[in-house]
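One structure below.
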Amino acid sequence: MMRVVGVIGAGAAGLCAARHALASTGLSPVVWEKSSQVGGTWVYTPHTGKDQDGLPIHSSMYQSLKTNLPKEVMGFPDFPFSSDKEESFIHHSDVLKYLKSYTDNFNLNQYIKFRHHVELVTPVVTDEKTTWQVTVQDLDTKTSSTTVCDALLICNGHYSVPRMPQVEDIERYKGKQVHSHDYREPSPYKGLTVVVLGAAASGLDISLELATVAKEVLLSHNFPLPIPSELPPNMRQVQGVVSALDEGFVFADGSSAQADVIMYCTGYEFTFPFLTDDCGVTIENNIVKPLYKHVINTTHPSMGFIGIPFQVCPFPTFDFQVRFFLKMLGEVTLPSKQNMDEITERNLNEQCSAGMAVRHFHRLGSQQWQYNDDLANLSGLPYLPRAIMNLYEAVRYFLGTLTGIVTLESQNEMVAATQFELECRRSLGYSDKKFHQLGFVRQEQYLADLAKNMHAAQIPQHILTNFKVVVFRAIFSIMKFKQYSYSNDGNTLIETLHGKRINTKFDLGSVILRRVAYLFWHDFARVCTATFSFLQFSLKKIFTK
Ligand code: FAD
């Protein structure tokens, strides 16, 4: 008899769930999607606030957004992005097109109930198993119905409910407060002074766009070094906001500035408003509990969550999570609840002792590859191609070690990354003293050794070259970053800007030299202090081992 796998949401995660449930023997998916189309986050709307049904607008997409990962690493492993377009960082509408063609390719539409809002999920527990009662409202007829599912995958998306930071005295502030969830385009900010709080992907992108119309943009962040890119003349970097004034803000170094608007680019909360308490799921300190491998509800293992880890390549991770969950429904036996919870607890403790903040438990970063491999091993699946890992890691590696800029909590991130690298190099026989002497040649050797160590194929030369260039573009010329495109002709990298081929090495060299000179000239004291603390910190780590 067919077992029903319920899926909440038809964004990338829900589509992937439906695609693999269909491909599994004895399983049949039913997907509920509250909107009228697939794509979730990637469905742009100019509206903010509530939609026509009185529900909060789901998508946080802004009009001009281009992806912050090259399309070459973004796709599902079994369905790459089309190479019709030369550009690597594609417009959000192209990602939506991709998800629609994924839907068509795997014939998923017939399994999706559009304009059906999941309101309540209740477990039905017997001695043998837990099934799920899912109560759904048809938004057109306003009638509710209940379906019983053998298994349930929660794919409701985690970039919709804004996380607001605690800013001391914020109630005094008379200006406008906006979260990036409600940012669409820059015209409402014409002639205004805007503080953008947070300099991760959205913060950087939105700041640059605001600077085209605003009087001034203050990009506020706690990175150890200023971002070395050339910025528009009306944009400057300030330290993190600590408190509010009537008409402005005070920053971490004690300086202050007036501002008409604060734009919070401070991330999103996990929420599952439809789960009843009986489901046994809680959110504590940004950790969704009790999940095994960030997927399986250990109290009722027939419930899984797709897309909880962040700072990952999302679509490939969804693919592993879904296939892992489906295998666990029958083909492979899970450990006992006690075992699974102990493994998770141990994992959390290990990461905390490596310097990670508890609230970042689901932030995988470099650990995502091990994580994907674990899921593959547990469910007998093939590994993700190593080239994808190496491309992504090259980006993080350069960003983290060259500039110290990884995320707002870059120090913890760097401790974990440094420790990981140190151990890899030791295992390959390198002396600790030469740990920091990488350079381009050693970097290539390093990645090649990593691949060898993992019994993976050597990384093609052109991919390494390509990504060095991409990363340098990212940190030294964020204003133009997403306008460059890359392709390879055999082993030769072809880099184009607005369709014109450019001289990569010469051009990059001159950009970097100009930026380094500029940085030292304008920010000498801060650069020296940060570099010194970074060196001191790294040396301490090496010699206290
Ligand atoms: P979503 O896409 O959010 O889909 C969830 C779906 O569930 C929605 O369709 C929603 O309507 C539905 N739903 C929710 N609740 C219910 C309910 N109760 N009943 C019925 N349906 C419900 N990733 C990248 O790989 N590259 C990028 O460049 C990139 N850029 C991004 C930029 C922005 C501004 C944002 C916000 C995210 C970006 N991401 C990027 C991450 C992106 O969110 C993920 O790649 C991915 O699309 C998330 O898919 P999802 O299915 O988990 O969630």
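Here region 25-49 is the region considered, the condition is being at pLDDT 95 or above and small (Gly, Ala, Ser), and the residue that is farthest from the ligand (Cβ to nearest atom) is Ser28.
The numbered conditions (1) among the aliphatic types (A, V, I, L, M); (2) within 16 Å of the ligand (Cβ to nearest atom); (3) outside any helix (DSSP H, G or I); (4) modelled with pLDDT of 95 or more are all true for Val195 except (2). If you go through region 146-170 and keep only what is farther than 21 Å from Phe270 by Cβ and touching a residue at least 60 places away in the same chain (Cβ under 8 Å), you end up with Thr147, Val148, Cys149, Asp150, Val167, Glu168, Asp169, Ile170. Is it the case that Asp205 is within 20 Å of the chain's Cα centre (by Cα) and either of a type in the set (S, T, N, Q) or at pLDDT below 95 (or both)? Taking the combined requirement at face value, the residue satisfies it.
Scanning region 140-153 for residues that are surrounded by 12 or more Cβ atoms within 10 Å (Cβ to Cβ), within 16 Å of the ligand (Cβ to nearest atom) and either under 18 Å from the mean Cα position of the chain (by Cα) or acidic (Asp, Glu) (or both) yields a count of 0. Per the listing Phe76, Phe89, Phe114, the residue uniquely at pLDDT below 95, within 14 Å of the ligand (Cβ to nearest atom), of a type in the set (Phe, Trp, Tyr) and closer than 26 Å to Arg323 by Cβ is Phe76. The set of residues in region 7-24 being touching a Gly at 6+ places or on another chain (Cβ under 9 Å) and either among the charged types (D, E, K, R) or more than 12 Å from the ligand (Cβ to nearest atom) (or both) consists of Ser24 alone. Scoring Val124 on the criteria (1) within 13 Å of the ligand (Cβ to nearest atom); (2) hydrophobic (A, V, I, L, M, F, W, C); (3) closer than 23 Å to Leu329 by Cβ leaves a single failure, condition (1). For region 172-192, which residues satisfy the criterion of being of a type in the set (S, T, N, Q), surrounded by fewer than 20 Cβ atoms within 10 Å (Cβ to Cβ) and either assigned to a strand (DSSP E or B) or within 16 Å of the ligand (Cβ to nearest atom) (or both)? Listed by number, the list holds a single entry, Gln177.
Every test in (1) at pLDDT 95 or above; (2) over 30 Å from Thr147 (Cα atoms); (3) of a type in the set (S, T, N, Q); (4) within 10 Å of the ligand (Cβ to nearest atom) is passed by Asn68 save one, and that test is (1).
Looking only at region 367-390, residues that are of a type in the set (A, V, I, L, M), modelled with pLDDT under 80 and in a loop (DSSP other than H, G, I, E, B) come to 1 in all.
Look at region 55-70: where a residue is over 14 Å from His158 (Cα atoms) and of a type in the set (Phe, Trp, Tyr) and a partner is modelled with pLDDT of 95 or more and more than 7 Å from the ligand (Cβ to nearest atom), sitting 6+ places away or on another chain with Cβ atoms under 6 Å, you get Tyr62/Tyr183; Tyr62/Arg184.
The values are calculated or read from the model by the stated rules, or taken from the named source; none is laboratory data. Note that the structure is predicted; figures quoted are calculated from it, not measured. Cβ sites come from the backbone with ideal geometry, for glycine too, and all protein chains shown count toward neighbours.
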